[in-house]
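Trainee: Here it is: the structure, laid out below.
Throughout, read-outs are computed from the coordinates displayed, never taken from laboratory work. Here the structure is a predicted model, which means the values were calculated and not measured. Glycine gets a Cβ as well: all are built from the backbone with ideal geometry, and neighbour counts include every protein chain shown.
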Amino acid sequence: SLNSISKYNYASPVHRLSYHDITLITGGSSTFGIDDKQYNISEGDILFTAPQQIRQWNKNNIPDGYALIFDEDFILSFFNDTGFIKKLSFFNSVQSAKKLTLNSEQYQTVLNLILNIQKEIKDLQNTHLLRALLYQVLSLLDALYRNENAVGNIKNGNNSYINKFTALIDENYKNGHTTAFYAGILCITPNYLNSIVKKYTGQSAKQLIQNRRLLEAKRLLAYSSLSITEIAHKLNFESVSYLIRFFRKITSTTPLEYRNSENR
């Protein structure tokens, strides 16, 4: 439960995750930050955070709830679908919404599954059942999220390319800045990669590449003490001035203005 880990959230309300986390709010209301977005949260809300994301609790008002914390290896050891986690709509980096609000029936179903998981963790008798319960929760929430956010399923071949592309961006955003770079790794043409990305996300491949680079710049500006020069170097921008132009073109503000607004 969140009560049992509240002292850690209070001591370190801002942290970068090394694991997957699904949090169900069961009481109270507050605010919750994931990277550069703020969410108002209350009973019935589910929050989704993934490795490398930075999240921030309101340490003066941490609500009641339960957190499902797990790493990818734990669930993947249950079956052979190595892409299962990346296919989940709420962990897919091309999706922006990281909150889902459940109706009363959905809330009770998810809460019961989480309570069953909690019981299995305490008993420590059957890890296979624990994995099965976690798989059930993830699959149910994926269906609810897709329905709520109108996330469609696309053909398996394209789905494979999209999943690989977004994973490659996460791995190579510091050095891979062009559509051609990723298309070459995927052994498809840049035009084909751009067309399936555009169809699925509504954005071009180049926009997704730029957005991932921008996200990391925002994380470092808001949550690190690195200078703008150091951030430009860390993210392999050609120069500080290039970083400033890049940032201003997308956000209509400068890195320094963004940092000051986040630290006000």
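Trainee: With 26 Å as the limit, write out which pairs from LYS87/LYS249; LYS164/LYS218; LYS86/LYS206; LYS199/LYS249; LYS37/LYS86 have Cα-Cα distances beyond it, or answer none.
Mentor: LYS87/LYS249
Trainee: Can you compute the charge dipole magnitude of the chain about its Cα centre, using +1 on each Lys and Arg Cβ and -1 on each Asp and Glu Cβ, nothing else charged? Give it in debye, rounded to the nearest 20.
Mentor: The calculated dipole for the chain is roughly 880 debye.
Trainee: Continuing with the same structure: Just the Cα atoms of the stretch 165-220, one point each, no solvent: what log10 I(q)/I(0) does Debye give at q = 0.17, 0.19, 0.26 Å⁻¹?
Mentor: -0.48, -0.59, -1.04
Trainee: Evaluate the stretch 165-264: find the radius of gyration of its Cα atoms, find its Kirkwood radius, and give the ratio Rg to Rh.
Mentor: On the way: Rg = 14.5 Å, Rh = 14.3 Å.
So for the stretch 165-264, dividing Rg by the Kirkwood Rh gives 1.01.
Trainee: Go ahead and estimate [θ] at 222 nm for the chain from helices alone: -39,500 (n - 2.57) per DSSP H run with n ≥ 4, summed, over the residue count, rounded to 500. Mind showing how you got there, number by number?
Mentor: Numbers: 12 runs with 144 residues, N = 264.
Calculated at 222 nm, the ellipticity per residue is -17000 deg cm²/dmol.
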